[in-house]
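Below is one structure, written out as structure tokens; comments come after it.
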Amino acid sequence: MGKRIKTRIRGKGTPRYRAPSHRYVTEFKYRDYDDIEKAGVLRGQIVDFVDDPGRGALLAKIKYENKEDGFLLAAEGMIAGNYVEVGAQAKRNPGNVLPLYSIPEGSSIFNLEKSPGDGGKLVRSPGSYALVVSKEGGNILIKMPSKKLVYFNPECRAQLGVAAGGGMKEKPLLKAGNAYYKWKARNKVWPVTRGVAMSVYDHPYGGKQHHKGRSSTVSRRAPPGQKVGHIAARQTGRKKVRRQARGEME
């Protein structure tokens, strides 16, 4: 009997495979969507920028005028000591937080809420942004970074501008040691060995031939130790219809 594959070992949830959330700065989200934001505006000063190991983009530490402390994702163009605003009456400056119905069409936004009051879920990676395309009826049409068009509730909040840190991934790592610390910050398993490079004892695809030796499709009801590859795939490879059409053309 072979060993349990890595996927199954991870599912056990030992510290080796858990994210070190105790080292993260904060469980980042917007402040509560209260009457202050719905009816007016709340100003806050950017005290400092914080590099959180739990995310790629920088966090801006904010001291609000009502004595609250909080964090926002840093936008390109933010400067320590400047002020940001949150609320329906906020100015259209980079980094300010507004509901979608207050944001003009064609604006770049990031840190977008999926539903009103959830604190921000989408478009949070460094250098990312979405576009407000149009306001149709009771919905706002947003063009996501994937080019997909999605409708959102007008009460969902977002930050104006572009998330800071764009181009971070363009810098080469240069050596394996840098890659080790990059993944270690979030406790990602690295390096990842290919299944075909393992022995039969370690992986279903293992063996000396360096190929799978079996079909890559697997049942959705397979146990965790066998659930590797194309799970419940309808088909793999090229479609027969294309090959037949090409043969008819020839």
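The values are calculated or read from the model by the stated rules, or taken from the named source; none is laboratory data. In this text the structure is predicted, and so the values were computed from the model without any measurement. Reconstructed Cβ throughout: ideal geometry from the backbone, glycine too, with neighbour counts over all protein chains shown.
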Across region 150-167, the tally of residues that are under 14 Å from Gly119 (Cα atoms) and not polar (S, T, N, Q) stands at 4
Tell me, yes or no, whether region 193-215 has at least one residue that is free of Cβ contacts under 8 Å to residues at least 60 places away in the same chain, under 30 Å from Ser108 (Cβ atoms) and of a type outside the set (Ser, Thr, Tyr). no
Please go through region 137-154 and give me each residue that is free of Cβ contacts under 8 Å to residues at least 12 places away in the same chain and not polar (S, T, N, Q), ordered by number. Gly137, Leu141, Lys147, Lys148, Val150
In region 17-39, how many residues are in contact (Cβ under 8 Å) with a residue 12 or more places away in the chain, loosely packed, with under 15 Cβ neighbours inside 10 Å and not β-branched (Val, Ile, Thr)? 9
Where a residue in region 40-57 is touching a residue at least 60 places away in the same chain (Cβ under 8 Å) and its partner, wherever it lies, is assigned to a strand (DSSP E or B), with Cβ under 7 Å and at least six apart: Ala57/Leu73; Ala57/Ala163
Just to verify a result, which residue in region 36-74, among those that are in contact with an Asp or Glu (Cβ under 8 Å, 6 or more places away or on another chain) and in a loop (DSSP other than H, G, I, E, B), is nearest to Met168 (Cα to Cα)? Leu58
Pick from region 132-159, criterion under 18 Å from the mean Cα position of the chain (by Cα) and among the aliphatic types (A, V, I, L, M), ranking: surrounded by the most Cβ atoms within 10 Å (Cβ to Cβ): Ala158
Looking at region 18-33, can you tell me whether even one residue there is part of a loop (DSSP other than H, G, I, E, B), farther than 20 Å from Asp69 by Cβ, of a type outside the set (Asp, Glu) and at pLDDT 85 or above? yes
Tally time: how many residues in region 1-16 are surrounded by 11 or more Cβ atoms within 10 Å (Cβ to Cβ), hydrophobic (A, V, I, L, M, F, W, C) and part of a loop (DSSP other than H, G, I, E, B)? 1
Checked pairs for region 216-231, first exposed (fewer than 12 other Cβ atoms within 10 Å of the Cβ), second part of a loop (DSSP other than H, G, I, E, B), C-beta under 8 Å and 6 or more apart or across chains, list as Ser219/Ala232; Arg220/Ala232
Whether any residue in region 88-105 is free of Cβ contacts under 8 Å to residues at least 60 places away in the same chain, buried (at least 19 other Cβ atoms within 10 Å of the Cβ), over 21 Å from the mean Cα position of the chain (by Cα) and assigned to a loop (DSSP other than H, G, I, E, B) is what I want to check. yes
